[in-house]
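Please read the structure below before turning to the comments.
The values are calculated or read from the model by the stated rules, or taken from the named source; none is laboratory data. Fair warning: this is a prediction, and the values are worked out from it, not measured in the lab. Counting neighbours? That spans all protein chains shown, and the Cβs are built from the backbone with ideal geometry, glycine included.
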Amino acid sequence: MVFFYENKKELFRGFIYSIEKTTDTTSYMAYDHAQKLVNIKVNYNFKNKTASQITTQMLDDYSKYGLKKGSIVSDGVSWSKVFIGVSMYDTIMSAYTNSHASNGKEYMCYAKEGEICTALKGDIKLDVQFKEKENIISTTYKSSIENVVNRVIIVDDSGNKIGEEKNSNSIDLYGLFQEVVKAESQTSETTQSATSEISTMAVSASTSSTTKNNSFSLNTTNSIAKSIFDFCIGKGCTPQVAASIVANAECESSFNTSSVNSIGASGLFQWLGVRLASLKRKATKKGVSWTNLNLQLQHMWDELNGEDSTTKSLLNSKVGGVSKFIKLTDAYKAGYYFGACFERGGGNTLRGNKSNAWYSKVTIGGKKISNSNTSTDVTDNNQTTTTTVIDLESARKEAKKKLNDRERSASLDGYGDTTCITGYGVTVTDSSTGLKGLFYIDTDSHTWENGEYKIALNLNYKNLMNEVEAGEDEEKQETTYNDNNYNDGEKILNGKKVKAIFTAYWPGPGIEGGIYQSMGGKLDPSKRTCAAPKSIPFRTKIQPSGTGSFIDGKTYTVTDRGGKIVVKNGVYHIDILMRTDKECRAFGIKHGYIIIGDGTGYKEVPATSNLPLNKKQEKLISVAKAKLGTPYVWGASINSTTSFDCSSFTRYVYKTALGITLQRTSNVQGEQGKKITSTSQLQAGDLIYFNTYSTDRANGITHVGMYIGNGQMIHASYSYKKVMIVNLKSYLSYRGTKFIWARSCLLYTSPSPRDRG
């Protein structure tokens with residue numbers, strides 16, 4: 001740590017980040033404690049917290065790492081936001097940016113004497129006056145309307161005005177300075193015929209339309225995704241809506257019509273209960289398997305159009321009914337609301353982002369129309385649907401960027417004053433440049449040289465805050481498990497610590513055994529209880545950790561059993577009791593540890609495996625290397641052994657070598673297993689996840705490979721179109737490839753459906 005003082009007054013406190021030596025000089029680069037806010041990435045899910053509460057909580061959580069809380073200004077604006085992998089500084093300023101949008105106040109974050117503080121920007125007006133011939137060395141002032149743009153009109157391909165953005169005050173002051181932005185547009189026509197029944201039961205979905213050459217199509221090798229898209233287009237959906245339904249099918253089942261998850265949810269869209277029963281009745285009536293793609297697509301369409309009353313009700317309340325839903329021209333919103341109204345399983349932000357990703361693959365007449373808005377004229381049966389694709393949203397954004405007001409700037413060089421720091425206000429009087437009045441400091445630079453102290457200030461006319469937008473909105477439609485009622489001050493349990501896999505259940509008809517627990521009496525979600533293997537006695541306390549969810553550090557009581565709730569390969573299966581099916585689906589599957597016992601402290605007891613890890617690693621590497629040179633095909637079938645994409649390759653290796661079934665796509669697969677945050681911790685068999693290009697995926701993952709030791713990775717390469725071995729260090733330096741995290745899946749098991757018999 002380094003300190004600077006003047007007359008016993010602290011001027012600077014921070015850390016030396018770099019040292020540079022030359023023959024004649026030594027230079028030091030030092031930053032104050034605020035730099036730590038930039039260097040620390042955080043994961044938080046804040047619910048109804050103000051910016052001051054968010055800042056306080058993070059500083060308290062990280063106080064043991066040298067972050068001290070100073071004066072934190074209150075803002076009074078609550079919000080809910082999820083921050084994953086966002087710097088602490090961006091998290092703080094994003095929260096205050098939200099407050100600024102509500103109350104109009106400007107905020108700043110800074111370090112003072114080793115403490116992190118927040119304050120109203122410009123709230124502190126220093127009793128400091130800079131005057132000519134006294135403490136001003138020089139000033140500069142510049143005002144220019146050279147780059148003013150105060151109106152931007154938006155036109156279509158024919159030159160017709162379809163919108164505008166303007167600054168009326170600027171027009172009144174300076175006259176009109178105008179630019180024009182053109183919005184791209186294309187049209188397609190689809191002839192629609194009515195049908196409510198499935199005409200054929202083919203492997204690929206039939207559409208109820210004949211499409212002209214200029215129609216929409218999905219640029220993908222995944223036949224299921226393409227069939228879903230074509231089916232929806234044939235039903236009169238906009239391409240944005242069709243892409244959103246493709247995205248939801250991927251989220252639910254990875255395009256597997258035969259998929260059945262741990263609670264029995266089945267098919268493309270993971271139907272459950274009465275909705276699944278209805279699907280199977282239709283299959284029997286039609287004389288086909290319930291796994292038939294065309295059958296499932298028609299069932300989805302029937303439910304959207306009112307067969308499922310809950311879906312109908314939600315669509316009516318959220319978007320004005322199915323007729324308005326299928327006309328949506330925002331892929332993100334379409335994906336979000338399909339998830340919220342039809343699937344009702346949570347993760348709707350991810351569904352919206354995936355919808356945008358799939359929409360980027362849509363073409364019209366063979367040309368890409370990514371990020372476009374669509375206005376659709378949908379007509380009745382046997383009529384022509386004309387769809388005009390106009391990228392109006394992007395045009396408006398471009399127009400707003402072009403608006404530019406008068407540019408004014410000022411700077412001051414003077415004799416130093418240690419109180420003058422960014423965000424504070426000072427008074428300036430200089431007749432030579434006309435600067436007179438209160439100005440706020442944008443940047444400050446202090447120089448001590450040859451016994452003379454000087455200051456250089458950039459002055460701000462508008463005193464705008466550093467606005468930051470980060471994190472993801474919490475899904476208001478999604479029900480999340482609220483564990484705040486159980487603030488009972490748990491202690492760390494004393495006992496053995498073992499590996500565990502966590503699922504969730506609720507008292508309802510979807511669970512064999514109904515509403516009663518194995519100890520007797522009804523299941524009570526108001527109490528913190530769980531089902532555990534028979535080796536853990538009833539009424540034993542267990543404490544989860546390492547899952548990255550709300551259950552960590554909580555104490556649960558064992559009151560229930562389950563035929564499939566067992567210890568497998570040393571991994572304990574724990575089933576957490578929750579309130580609703582939706583909460584269970586939102587929780588999903590988690591991996592971590594449990595401490596079994598009571599008291600304080602614990603002792604480590606390693607989990608055992610029937611097969612030593614080195615043998616498992618050898619098997620994984622052997623299976624993977626046997627496929628060296630196998631062609632890369634994007635979207636390769638999960639059943640293929642003659643071609644792979646990155647995630648189907650790792651899935652094949654784990655399934656073949658160890659019988660472990662991983663998820664299909666890299667970004668979903670990347671949530672399985674124990675997280676590894678550094679490449680220095682890698683062991684053979686670990687799966688490594690990367691971002692190889694800009695993406696809107698929630699976790700940033702676009703690619704996966706498997707570590708095989710000695711700094712090497714085996715993967716199915718998109719660039720080289722084959723399975724190959726690469727040097728990991730070299731791969732990470734290739735075109736900005738980013739390491740997201742790695743996962744250890746050697747002890748991963750796919751839990752079976754609950755069997756509470």
- prompt: Filter region 560-583 for residues that are touching a Leu at 6+ places or on another chain (Cβ under 8 Å) and buried (at least 18 other Cβ atoms within 10 Å of the Cβ); which is farthest from residue 529 (Cα to Cα)?
  reply: 571
query: If you go through region 718-728 one residue at a time, do you hit one that is touching a residue at least 12 places away in the same chain (Cβ under 8 Å) and under 25 Å from the mean Cα position of the chain (by Cα)?
result: yes
query: Looking at (1) of a type outside the set (Ser, Thr, Tyr); (2) out of contact with any Cys (no Cβ under 9 Å at 6 or more places or on another chain); (3) surrounded by fewer than 20 Cβ atoms within 10 Å (Cβ to Cβ); (4) over 13 Å from residue 242 (Cα atoms), can you tell me which one residue 314 breaks?
result: (2)
message: Looking only at region 404-429, filter to residues that are at pLDDT below 80 and β-branched (Val, Ile, Thr); which one of those is nearest to residue 176 (Cα to Cα)?
response: 422
message: Restricting to region 236-259, and then to whatever is touching a residue at least 60 places away in the same chain (Cβ under 8 Å) and surrounded by fewer than 21 Cβ atoms within 10 Å (Cβ to Cβ), can you tell me which residue is farthest from the chain's Cα centre (by Cα)?
response: 256
query: Restricting region 326-352 to residues that are among the basic types (Lys, Arg) and within 21 Å of residue 272 (Cβ to Cβ), which is modelled with the lowest pLDDT?
result: 344
message: Show the residue pairs meeting these rules: Cβ distance below 8 Å; 6+ apart or different chains; first residue within region 263-281 and more than 20 Å from residue 589 (Cα to Cα); second residue at pLDDT 90 or above and assigned to a loop (DSSP other than H, G, I, E, B).
response: 276/267; 279/267; 279/290; 280/290
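Please find, within region 642-666, the residue that is nearest to residue 716 (Cα to Cα) out of those that are part of a helix (DSSP H, G or I) and of a type in the set (A, V, I, L, M).
The selected residue is 653.
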query: If you check residue 47 against the conditions, is it in a strand (DSSP E or B) and of a type in the set (D, E, K, R)?
result: yes
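The rows are residues; the columns are (1) without any contact (Cβ under 8 Å) to a residue 40 or more places away in the chain; (2) in the same structural domain as residue 116 (by TED's automatic domain parsing); (3) in contact with a Leu (Cβ under 8 Å, 6 or more places away or on another chain).
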| site | (1), (2), (3) |
| --- | --- |
| 59 | no, yes, yes |
| 64 | yes, yes, no |
| 70 | no, yes, no |
| 75 | yes, yes, no |
| 81 | no, yes, no |
| 86 | no, yes, no |
| 92 | no, yes, yes |
- request: Would you check if residue 21 is over 31 Å from the mean Cα position of the chain (by Cα) and at pLDDT 80 or above?
  value: yes
- request: Name, by its number, the condition in (1) modelled with pLDDT under 85; (2) farther than 20 Å from residue 443 by Cα that does not hold for residue 150.
  value: (1)
- line: Considering region 625-657, residues that are more than 31 Å from the chain's Cα centre (by Cα) and not polar (S, T, N, Q), and then whichever is farthest from residue 724 (Cα to Cα), we arrive at 657
